[in-house]
Amino acid sequence: MRHSVLILQIILLSLLAGCATLPEKAIITKKHVDRAIEIEETFAHNSAEFAPAGESWFEIKHGSSNVLIVAPHATRPTREGKLRFPDGGTGSLAVMLAELTDSTVIYTTYASPSDPNYYDDNDFKRTLAQLIETEQPRLVLDIHASHWYRPYDVDFGTMNGASIRGNRWIVTSLMSYLQQEGMSNFSMDYFAATAHQTVTKFVTAMGTPCIQLEFNSNYTGHQYDSETVRPQMFAQALQGLVRFVEYVKQNK
């Protein structure tokens with residue numbers, strides 16, 4: 001009897017193995033990560049410096065996809081009169097994601113005189129509103145980073161569901177694509193994006209679905225030593241986001 005059960009188990013496992021989906025070819029290359037590191041070095045160099053007279057403290061790169069990417073803390077923001085820490089690595093993650101998916105991205109380039117994720121009355125938010133009105137994105141990705149002590153890989157901030165406007169597929173699809181890259185610990189609304197005048201709250205008020213992505217900074221905080229695993233983790237985060245954005249583009 002035991003022998004028969006063992007044979008059945010082997011047959012079942014063989015059938016399941018035959019039905020398993022084969023992995024896709026990797027998208028992200030060493031050159032992509034090298035470029036991201038170069039970009040991040042520029043962010044780090046300018047992070048605590050205010051923009052020179054006549055220059056803007058944020059930048060836009062235009063694309064043609066139906067996803068808009070925002071990195072409001074790529075550099076240090078001013079909040080309640082004091083410069084705070086930046087969300088290191090989010091600027092390069094956002095820029096690389098935009099380049100690889102032909103998406104529009106808006107991000108800070110110098111220390112912000114007014115935190116775009118805390119106040120609405122600033123040029124960053126006014127420009128973001130213009131982008132949404134003119135480009136009519138299907139979805140806005142609001143990219144942030146959390147302290148590496150956090151237990152999750154990514155926290156999805158949805159204003160307790162309000163910001164995705166009934167589109168549960170946004171969260172489930174993001175989870176699926178990030179799981180394919182090795183992430184397994186997800187959180188929902190640890191940072192709900194409801195406190196203060198967040199980017200996600202601002203975009204939601206305009207009627208556009210938006211999600212705040214709080215990546216554990218192990219995925220965004222670059223270590224330039226080739227011996228560390230973090231560049232691989234950055235590549236995994238970027239690859240998962242690229243595949244998700246391509247999915248959104250193809251399913252209009």
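Some points to look at:
- Cβ pairs under 6 Å, 6+ apart, first in segment 121-133 and under 13 Å from T104 (Cβ atoms), second part of a loop (DSSP other than H, G, I, E, B): I132/M206; I132/T208
- Qualifying helices (runs of 4 or more DSSP H) (wholly inside segment 112-223; at least 3 residues being under 16 Å from the mean Cα position of the chain (by Cα) and more than 27 Å from S47 (Cβ to Cβ)): 169-179
- Every test in (1) closer than 16 Å to E99 by Cα; (2) at pLDDT below 95 is passed by N218 save one, and that test is (1).
- Index of the failed condition, T29 passing every other in (1) at pLDDT 95 or above; (2) surrounded by 15 or more Cβ atoms within 10 Å (Cβ to Cβ): (2)
- N66 surrounded by fewer than 23 Cβ atoms within 10 Å (Cβ to Cβ) and touching a Lys or Arg at 6+ places or on another chain (Cβ under 6 Å): yes
- Members of segment 29-69 found to be among the basic types (K, R) and assigned to a helix (DSSP H, G or I), listed by number: K30, K31, R35
The values are calculated or read from the model by the stated rules, or taken from the named source; none is laboratory data. Everything numeric in this text was worked out from a predicted model, so none of it was measured. So basically every Cβ, Gly included, is an ideal-geometry build from the backbone, and we count neighbours across all protein chains shown.
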